[in-house]
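A.B. asks: Dropping the structure in here first, questions after.
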Amino acid sequence: MSTPKLRILSLGAGVQSTTLLMLSADGTLPKVDAAVFADTGWEPAAVYEHLDRLEAEVAGPARIPVYRVSVGSIQQDVLDPDKQRSLPAHTRDPETGEHGMLNRRCTQTYKLTPILRQARLLLGASTSDPAPCRYCEGSGERVAPWRAKRDDRTPGPCSVCNATGTLSRVGQPPKGVWAEQWIGFSTDEIGRVSDRGDTRYSKSRHPLLELGMSRTQCDAYLKHRGWTSVEKSACIGCPFHGNAEWRRMRDKDPESWQQAVAFDKAYRRGPGMRHERFLHISRKPLDEAPIDRVRPSEWQQDTVFDAVYDAELAEQGDPDGCSPWACRSGQPVTESEAVA
């Protein structure tokens, strides 16, 4: 394979990607040419504060540019009837009691897509001149197709061009030009590794695996450097939070908690949907959910949904951050699975 033109770090601002940025900046690893943070618009305030500090104290002095890319605010978009974006949720049919999980598309839309778009731009891809949006015929307004299916002819902002009436496209980089995309999976996350985001112009690399570094070792490295508290990268209203995170948010970050509670209520029902949607695994409103239950011995099951609390996952949630290259699965990767 030819030599990559650029090394680009996928910077989620969590423990592992922060470690990669520091290892690159201090010369332990080759210097990356850029770091890209995909902003969903709904990360905890601590993540944005951490990112600001990374830029000022690590990336800036090392002359590593940090690009913040976004396609919008997921919190607002999901509730916008003219956009109808998707966020995963625990579901329940109020008539039958049947429950399940809503499909996940948020990672692809809000993280992977804008990161790869930025990669193409950095590799020299051209951007087309603005042209009238064919979906709204340049007006910036249309009747969304999902509204039309329900015989609702209410016009609204075009979700394709964001009401601008025009579209411009980022093309492909020159032939043979590609970037090495650094992804911060550690040895305990080897089960998350895949080539799902690889394209002809972007190939993944996992330097932490090459160094044999686990999340615990990344934590130790960061603490040694004076970075004692690094948030896990995940949306405030992620349904893969466990009780421990919901309690922490309620008790330590009341602003985020109120956002999550309000979103949970607003997200409950959607036009044409039979089931109800919940952020908490109990399928109860977030501000009524039993998030203070820590051990099964402390409570007695009284409904079919309480049985889920026998699992450690209900308390700890998904141990992984939300990566553009592997969304949170809701299932922890065990040490034995990582070694297998």
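The values are calculated or read from the model by the stated rules, or taken from the named source; none is laboratory data. Here the structure is a predicted model, which is why all the values come from computation and not from measurement. Cβ placement follows ideal geometry from the backbone for every residue including glycine, while neighbour counts extend to all protein chains displayed.
A.B. asks: Taking the range 92-130 only, how many residues are hydroxyl-bearing (Ser, Thr, Tyr) and under 20 Å from the mean Cα position of the chain (by Cα)?
C.D. replies: Number of matching residues: 4.
A.B. asks: Let me ask something else. Considering only residues that are over 22 Å from the mean Cα position of the chain (by Cα) and among the hydrophobic types (A, V, I, L, M, F, W, C), which ones fall in the range 185-221?
C.D. replies: Correct list: 211, 213, 220.
A.B. asks: If you scan the range 102-115, which residues turn out to be more than 10 Å from residue 69 (Cβ to Cβ) and either in contact with a Lys or Arg (Cβ under 7 Å, 6 or more places away or on another chain) or aliphatic (A, V, I, L, M) (or both)?
C.D. replies: 102, 109, 112
A.B. asks: Oh, and also: Which members of the range 135-170 meet the condition of being of a type in the set (S, T, N, Q), touching a residue at least 40 places away in the same chain (Cβ under 8 Å) and over 16 Å from residue 80 (Cα atoms)?
C.D. replies: The one that is of a type in the set (S, T, N, Q), touching a residue at least 40 places away in the same chain (Cβ under 8 Å) and over 16 Å from residue 80 (Cα atoms): 168.
A.B. asks: Now, a different point. Considering only residues that are touching a helix residue (DSSP H, G or I) at 6+ places or on another chain (Cβ under 6 Å) and in a strand (DSSP E or B), look in the range 145-181 and name the one that is surrounded by the most Cβ atoms within 10 Å (Cβ to Cβ).
C.D. replies: 179
A.B. asks: Can I ask one more? Would you list the helices (runs of 4 or more DSSP H) that sit entirely within the range 39-123 and hold 1 or more residues that are in the same structural domain as residue 231 (by TED's automatic domain parsing), over 20 Å from residue 232 (Cα atoms) and touching a Cys at 6+ places or on another chain (Cβ under 9 Å)?
C.D. replies: Counting at least 1 such residues, we get 74-79.
A.B. asks: Inside the range 182-204, can you point out the residues that are surrounded by 15 or more Cβ atoms within 10 Å (Cβ to Cβ), at pLDDT below 95 and among the basic types (Lys, Arg)?
C.D. replies: Once the filter is applied, which keeps residues that are surrounded by 15 or more Cβ atoms within 10 Å (Cβ to Cβ), at pLDDT below 95 and among the basic types (Lys, Arg), the range 182-204 yields only 192.
A.B. asks: In the range 53-87, which residue that is β-branched (Val, Ile, Thr) and over 18 Å from residue 122 (Cβ atoms) is surrounded by the most Cβ atoms within 10 Å (Cβ to Cβ)?
C.D. replies: The extreme case among them is 74.
A.B. asks: Sticking with this structure for a sec: Evaluate the range 216-227: report whether one residue or more is within 28 Å of residue 77 (Cβ to Cβ) and without any contact (Cβ under 8 Å) to a residue 40 or more places away in the chain.
C.D. replies: No, the range 216-227 has no match at all.
A.B. asks: Return the pair list, or none, for Cβ contacts closer than 7 Å from residues in the range 106-132 that are within 18 Å of residue 88 (Cα to Cα) to residues that are among the hydrophobic types (A, V, I, L, M, F, W, C) and part of a helix (DSSP H, G or I), at least 6 apart or on different chains.
C.D. replies: 106/74; 110/74
A.B. asks: Among the residues of the range 269-282, is any without any contact (Cβ under 8 Å) to a residue 12 or more places away in the chain, surrounded by fewer than 21 Cβ atoms within 10 Å (Cβ to Cβ), charged (D, E, K, R) and part of a loop (DSSP other than H, G, I, E, B)?
C.D. replies: Yes: the range 269-282 contains one or more residues that are without any contact (Cβ under 8 Å) to a residue 12 or more places away in the chain, surrounded by fewer than 21 Cβ atoms within 10 Å (Cβ to Cβ), charged (D, E, K, R) and part of a loop (DSSP other than H, G, I, E, B).
A.B. asks: Quick check: is even one residue across the range 1-12 of a type in the set (A, V, I, L, M), crowded, with 19+ Cβ neighbours inside 10 Å and within 30 Å of residue 248 (Cα to Cα)?
C.D. replies: Yes, that holds for at least one residue.
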